Amino acid sequence: VSRNNFAEWKIYHPPGNRGGGFGVTFKATHHYLGQEVVMKTINERLRQHPDFPKFQRQFQDEARRLATCIHPHIVRVSDFFEEDNLPYMVMEYIPGDTLGAAFVLPGIPLQEATAIHYIRQIGAALQIVHQNGLLHRDVKPDNIILRQGTQEVVLIDFGIAREFNNGARQTHTGL
């Protein structure tokens, strides 16, 4: 059964484009449910690349990997679909700023206790990521969102996450 997936959504232009080098993200709202989400797809540069089918597979793998990592400090994937030969991942929308935007760019120092609180949350998230046989490979303030009105942080952007073989030695270039 073929359907127009976008007919179900009101699509907004990228709100500051919370996407890495691999993808582009934008906010959307489901027409019937009123649910706000973030959708991610492959960026225009990679769409024009001769290896685009490979990038499509990698993107689908990212969605599948991320969907296995269920934890309050990991962004949740709620759907995946293809529209006009482009893959789309639907994820929870997390209101708030990245730690990079909230603290690093304005040069606001974090109190030690706050930093430790955030580190513990991301450490717990990474434990789930690793238990699922994955490496995030890009943990940085710009890939951590401080959930608005809370002291809870959420790890995002698994675009360069890779599976790892526990016990196998790998170099950074080999990942």
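Calculate the tail of P(r) for region 72-111: the fraction of all Cα-Cα distances greater than 15 Å, expressed in %. Here the tail beyond 15 Å accounts for 60 percent of pairs.
Annotation: amide H-H contacts under 5 Å for R147 (H modelled 1.01 Å from N, sequence separation of 5 or more, or interchain): E152, V153, V154.
Annotation: lysines with alpha-carbon distance below 16 angstrom to K27 (same-chain offsets under eight excluded): K10, K40. Couplings for region 100-105, taken from phi via the Karplus curve 6.51 cos²θ - 1.76 cosθ + 1.60 with θ = phi - 60°, read x, 6, 7, 10, 5, 4 Hz in order; Gly and Pro are left as x.
Taken one residue at a time, the phi angles of region 32-38 give Karplus couplings (6.51, -1.76, 1.60, θ = phi - 60°) of 8, 8, x, 6, 8, 9, 10 Hz. Gly and Pro are set to x.
Averaging over every viewing direction, what projected area does the convex hull of the Cα atoms of region 22-133 cover, in nm²?
If I average the Cα hull's projected area over directions, I get 9.1 nm².
Read-outs throughout are calculated quantities, based only on the coordinates presented, and are distinct from any laboratory measurement. Quantities reported herein were computed from a predicted structural model and do not represent experimental measurements.
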